[in-house]
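The values are calculated or read from the model by the stated rules, or taken from the named source; none is laboratory data. Please read these numbers as outputs of a predicted model, since none were measured by experiment. Note: ideal-geometry Cβ built from the backbone for every residue, glycine included; neighbour counts use all protein chains shown. What goes into the accessible areas is simple: the full protein's heavy atoms, side chains included, and nothing from ligands, DNA or RNA. Shrake-Rupley method; radii C 1.70, N 1.55, O 1.52, S 1.80 Å.
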Amino acid sequence: MNKQPLLQKAKNIVGARRIHALDRCDALLAKLQQNPAWNSCTTQLKQAQIAFAQSHGQDQVACQKIAKLKAQQAGILQKLGVHPSKLQPQFHCKACQDRGFVDGKMCKCLQAEFLQLLGESSNVANKGYTFQASTEQNPKNAIVYEKAQKAMDDGKNLLLLGNTGTGKTYLVCACVNHAVAQGKTALFTTAYSLNSLFLECHIGNAETRQAVMESLMEVDVLAIDDLGTENVYKNVTAEYLFSLVNERMFRGKQTVVSTNLTLQSIRNRYDERLFSRLVDQQKTLVALLVGDDKRIVK
Ligand SMILES: [Zn+2]
């Protein structure tokens, strides 16, 4: 999976908004220029403003003229049914004026677009998988569901252990949907997709790396399904995962991880640092789902 085009795609979406805003504004100004009353008023206004500036703010006649002409302009706009704000480009994002970056950093609007695309390209969390709709019969698992919902409300992280088919993915989706229902931003992804993204970051340029990692760090709830099914790339998988999980903890963002691995095999597969973050006692609910594979039809 190639993620670099996703960032480009997100940039294009934001960039298109800017072009659209500028075009609309240009089109309006061009239309106004065809109006003789507007033209005459605008020309006079410019002259008065120049006179006022040249007098270093002393020319009271010019000052009064400016006020009068501005009122005239407003009157013309009102007649034409044009709101004065429309004379400036109406950007979708005020922070970056639809450039996607502010002071060299990725703007929230571009992050949101990128995450949206990333979510769509990953296995999108099943919207029907909710705590309310759960038909979990196993009493032990039902307790885990209750605890998980509470942990989500308490802003905790989750590490869900259990064999294949014990309903981990359902629970991860339920957590994501629960967060979304509360107005939080959430991304459901698989360890496999995330790992591909890490690799892209690693071989990509600094801008891509910063943009992608920043987006992943900022989303309120990041769900990583099936940790352990991805390849372990040297200098990439454990390192990027640690940096992501660690920074998200620091920022108070929630991470939900599901895995078939046991705690011991998590420690063996990655490293002590990542392990200690994933099972952090104070900030994480570590829970085990039990039972037979639900996907096997008996
Ligand atoms: Zn923006």
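May I ask you to list the residues in the range 1-14 that are surrounded by 15 or more Cβ atoms within 10 Å (Cβ to Cβ) and either modelled with pLDDT of 95 or more or not in a helix (DSSP H, G or I) (or both)?
Residues satisfying the conditions are Lys3, Ile13, Val14.
Would you check which residues across the range 40-77 are open to solvent by less than 60 Å² (accessible area, probe 1.4 Å) and either under 23 Å from Gln90 (Cβ atoms) or basic (Lys, Arg) (or both) and list them?
Cys41, Thr42, Leu45, Gln73, Ala74, Gly75, Ile76, Leu77
Just checking, which of Ala95, Ala125 is surrounded by 16 or more Cβ atoms within 10 Å (Cβ to Cβ) and in contact with a strand residue (DSSP E or B) (Cβ under 8 Å, 6 or more places away or on another chain)?
Of the residues listed, the single one that is surrounded by 16 or more Cβ atoms within 10 Å (Cβ to Cβ) and in contact with a strand residue (DSSP E or B) (Cβ under 8 Å, 6 or more places away or on another chain) is Ala125.
Look at Phe101 and say whether it is aromatic (Phe, Trp, Tyr), in contact (Cβ under 8 Å) with a residue 12 or more places away in the chain and within 16 Å of the ligand (Cβ to nearest atom).
Answer is no for this residue.
Quick one: in the range 259-273, which of the residues that are hydroxyl-bearing (Ser, Thr, Tyr) and over 15 Å from Asn195 (Cβ atoms) is most open to solvent (accessible area, probe 1.4 Å)?
Within the range 259-273, the match that is most open to solvent (accessible area, probe 1.4 Å) is Thr262.
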